[in-house]
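The values are calculated or read from the model by the stated rules, or taken from the named source; none is laboratory data. The structure presented is a predicted model; accordingly, all values stated were derived computationally and were not measured. Backbone-built Cβ (ideal geometry, glycine too); neighbour counts: all protein chains shown. For accessibility, only protein heavy atoms count, side chains too; no ligands or nucleic acids. Shrake-Rupley method; radii C 1.70, N 1.55, O 1.52, S 1.80 Å.
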Amino acid sequence: MAENPVKWLFLILASCLCFAFVLSESNLLIKKTYIVQMHKSAMPASFSSPLEWYSSKLKSVMSDTQSEGEGDGENRIIYSYQNAFHGVAAQLTEEEAERLKQEDGVVAILPETKYELHTTRSPMFLGLEPEESTSIWSQKLADHDVIVGVLDTGIWPESASFNDTGMTPVPAHWKGTCETGRGFQKHHCNRKIVGARVFYRGYEAATGKINEKNEYKSPRDQDGHGTHTAATVAGSPVRGANLLGYAYGTARGMAPGARIAAYKVCWTGGCFSSDILSAVDRAVGDGVNVLSISLGGGASSYSHDSLAIATFGAMEMGVFVSCSAGNGGPDPVSLTNVSPWITTVGASTMDRDFPGSVKLGSGRTISGVSLYKGRRLLQANKQYPLVYMGSNSSSPNPSSLCLEGTLDPHVVSGKIVICDRGINPRVQKGQVVKDAGGVGMILTNTAANGEELVADCHLLPAVAVGEMEGKAIKHYALTNGKPTATLAFLGTRLGVRPSPVVAAFSSRGPNFLTLEILKPDVVAPGVNILAAWTGELGPSSLPTDHRRVRFNILSGTSMSCPHVSGIAALIKARHPDWSPAAVKSALMTTAYVHDNIHNPLQDSSTAAASTPYDHGAGHINPLKALDPGLIYDISAQDYFEFLCTQKLTAMQLKAFSKHSNMSCHHNTLATPGDLNYPAISVVFPEDTAISTLTLHRTVTNVGPPASHYHVVVSPFKGVTIKVEPKTLNFTRRNQKLSYKISFTRKSPQTMPEFGGLAWKDGVHKVRSPIAITWLPPF
């Protein structure tokens with residue numbers, strides 16, 4: 001009797017093992033997309049083209065049964081890369097990918113990675129004057145020769161922001177094209193939109209065929225994100241731009257004379273690395289001068305980051321690359337796109353907001369923000385019942401978060417509902433309230449967002465408030481027998497102080513991939529930005545939103561990135577011979593670190609002073625960036641020498657030496673901190689025997705031939721600092737002079753210390769942020 005259960009147990013275990021074995025066997029046969037980087041110089045002379053060689057390599061690792069059914073290895077290839085990157089994206093089983101790694105000429109094999117999008121008045125706030133005045137915009141037609149490639153969700157070509165009136169013919173060096181498809185024909189390109197391409201093979205390989213009835217398999221943008229970023233970069237001036245009456249004025253891009261090339265890499269289900277890589281590769285071949293990439297994946301090592309490898313190739317070809325830092329703030333170490341050859345952009349506020357107010361039955365009025373404009377308005381002189389579905393004011397739950405299906409219509413109908421921020425989109429909470437019969441919403445920040453206020457185009461009367469005021473409103477609703485409130489909407493307010501402020505959502509350093517490279521690089525306007533919008537979707541992006549607008553207001557580092565891309569285009573037009581590193585240096589060393597009331601920049605999440613881990617070198621200052629005085633230049637070989645300090649294997653380093661056979665010289669860069677970066681990050685090791693660290697920098701004079709600079713360094717508690725020499729005397733333009741900066745331990749700190757170093761000549765102030773860290777990690 002006792003044996004039977006044992007036998008049954010044995011049979012069950014055997015069956016499970018057998019099933020697991022079959023399952024694992026079938027998994028080994030499943031094909032996935034891999035990015036295969038090849039060393040082009042290793043191609044045997046017997047092959048007539050790189051593609052033929054790549055196909056041969058793939059065929060050599062395919063199993064007999066697979067190769068018989070599929071013929072040549074070329075059938076597995078979904079992309080071939082040849083400009084910023086050499087190799088292919090191909091469909092392989094895990095076993096085939098492992099075998100391919102062993103083949104000669106194969107540099108790296110990277111699995112497909114999914115990336116996400118990092119989702120008017122800004123030109124005036126940045127000091128770029130209206131076009132009627134003597135401004136940077138009213139200068140040469142050389143601006144028209146700069147082409148910015150925007151990797152995003154496509155473009156809505158009918159927008160007035162892409163009007164090409166007055167623009168000169170497309171530059172002769174441009175090799176791009178206008179791909180056609182549903183809703184997008186050749187005539188949709190013009191002298192403003194000079195190119196439009198789509199990249200979907202990686203997406204379809206991962207998710208299945210795109211449903212062309214629901215989604216444009218063409219450069220046309222139905223999401224809105226790509227149209228918004230492209231217009232922010234280089235939109236033509238449009239008078240009377242507004243969102244439902246908010247932010248009324250002239251909308252223009254940062255570089256309205258520049259051209260736009262749209263590369264659609266993002267679809268309903270996300271953005272995939274093989275498509276992004278193909279777009280970067282194609283854009284470099286097409287002849288873009290600037291790449292604007294408002295998306296990112298998780299941080300990974302340089303040799304395993306396909307975007308880092310591709311943008312290294314773009315940088316080698318003279319292309320400036322700007323990427324969003326991510327929306328993972330205020331958590332530390334939340335940055336993406338941290339490679340030193342990429343300009344990593346965080347987000348900040350402007351001096352404009354959209355005030356709303358909550359008036360409680362107690363008589364207290366609380367300030368907030370909103371972009372609501374609709375037929376359903378609450379009467380200012382009437383109080384409405386107020387309800388909060390949470391149990392206390394500090395801990396959100398599904399009902400308090402207003403998640404779909406959590407609100408009881410019997411409880412909330414006819415009332416203003418308090419909803420905690422988090423989990424589902426802010427505007428969707430309003431839809432949930434509306435569906436349950438609520439007449440309005442108060443959106444309250446939680447600790448993660450602090451006092452930062454982001455305005456939204458809600459579908460019902462709604463006002464967003466900060467964490468502290470939110471707690472007060474919730475306490476009132478929970479403790480008063482019959483709580484009431486009403487909401488008011490107060491339009492557009494200018495001259496907000498203090499501003500700019502670092503956005504709470506903006507991703508933060510330190511850059512744990514390489515502590516010696518301070519990131520982000522700069523911050524730029526990324527909160528409540530007005531720009532062009534798709535005609536396919538309402539301003540809330542909800543499918544239930546049937547409103548259609550020509551402009552929309554969005555927030556995110558996705559919005560700050562194109563501001564920098566556009567300013568880079570202006571700098572490139574003024575200084576066409578400058579390297580990407582020179583353009584970045586100009587942006588960083590002229591950035592400012594004080595707000596409009598002359599206090600240090602604030603962090604929105606804490607209301608305390610922000611640090612270079614939050615704002616990098618500071619907030620961009622476009623007019624000063626056009627004339628920085630000195631620049632810190634970095635060549636492709638210099639960046640490669642930096643990689644030599646990162647403990648990469650010889651094969652991993654080959655991923656970055658595709659255009660030339662670069663090798664490590666070791667004597668040129670003693671430590672990663674010696675890279676000629678415009679920011680300075682010093683990392684003291686745990687070993688106290690190392691008392692002094694010395695870093696080296698070289699500056700190039702791009703100002704008057706005879707220029708004389710002296711150095712100023714802020715004091716630090718933990719170290720003494722010595723700069724040699726203390727003066728730099730230039731006698732000619734483009735002359736290079738070097739200096740060294742020594743940091744000697746004095747009193748090690750438990751937390752990082754921050755300050756700055758500036759070279760001054762009476763006209764220019766060339767400032768570098770300094771961060772000092774003591775290991776082990778704090």
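Listed values, structure above:
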quantity	calculated
Region 676-774: Cα Rg divided by the 2.2 N^0.38 Å rule of thumb	1.16
Distance-filtered residues of region 590-610 - backbone nitrogen under 17 Å, label point 7 angstrom along Val763 Cα→Cβ	590
Expected 222 nm ellipticity per residue - DSSP helices of 4 or more, -39500 (n - 2.57), all of the chain, to 500	-6500 deg cm²/dmol
Pair Thr479, Leu626: separation of 7 Å Cα→Cβ label points (nm)	5.7 nm
Two-decimal ratio, region 655-734, of alpha-carbon radius of gyration to 2.2 N^0.38 Å	1.44
Set of lysines near Lys654 by C-alpha distance (under 19 Å), chain-local residues within fewer than 8 positions excluded	Lys40, Lys57, Lys101
Violating pairs (Cα-Cα greater than 30 angstrom) within the set Lys175/Lys658; Lys192/Lys624; Lys186/Lys429	Lys186/Lys429
Å² per residue, accessible surface of region 303-422 at 1.4 Å	36 Å²
Rounded Å value of the spacing that divides the Cα centres of region 141-204 and region 733-778	42 Å
Accessible-area value, Lys114, 1.4 Å probe, nucleic acids and ligands omitted, Å²	100 Å²
Cα extents of region 32-110 along the three principal axes, largest first (Å)	32, 26, 22
Cβ-placed point charges (K, R +1; D, E -1), dipole of region 32-110 about Cα centre in debye, nearest 20	340 debye
Assigned charges on the beta-carbon of Lys, Arg, Asp, Glu; the chain dipole about Cα centre (debye)	2240 debye
Cut-off 14 Å between beta-carbons: net charge of the residues surrounding Glu451, Lys and Arg +1, Asp and Glu -1	-3
Stokes-Einstein D (µm²/s) once Rh is taken as the Kirkwood radius of region 355-489 over alpha-carbon pairs, at 25 °C in 0.890 mPa s	174 µm²/s
Straight-distance crosslink candidates among lysines, where the alpha carbon sits under 21 Å from Lys434 and sequence neighbours closer than 8 are dropped	Lys359, Lys373, Lys382, Lys415, Lys474
Euclidean distance between Cα centres, region 222-284 to region 347-380, Å	29 Å
Positive-end residue of Cys266, Thr250, Val345, charge dipole of the chain with Cβ unit charges	Thr250
Binned Cα-Cα distances of region 321-389, short to long, each 10 Å bin given as a whole percent	14, 28, 21, 21, 13, 3
P(r) weight above 36 Å for the chain, C-alpha pairs, percent	48 percent
Distance between modelled label sites at Ser391 and Thr698, nm, 7 Å Cα→Cβ extension	6.6 nm
Neighbourhood net charge (11 Å Cβ-Cβ; Lys/Arg +1, Asp/Glu -1) for Ser41	+3
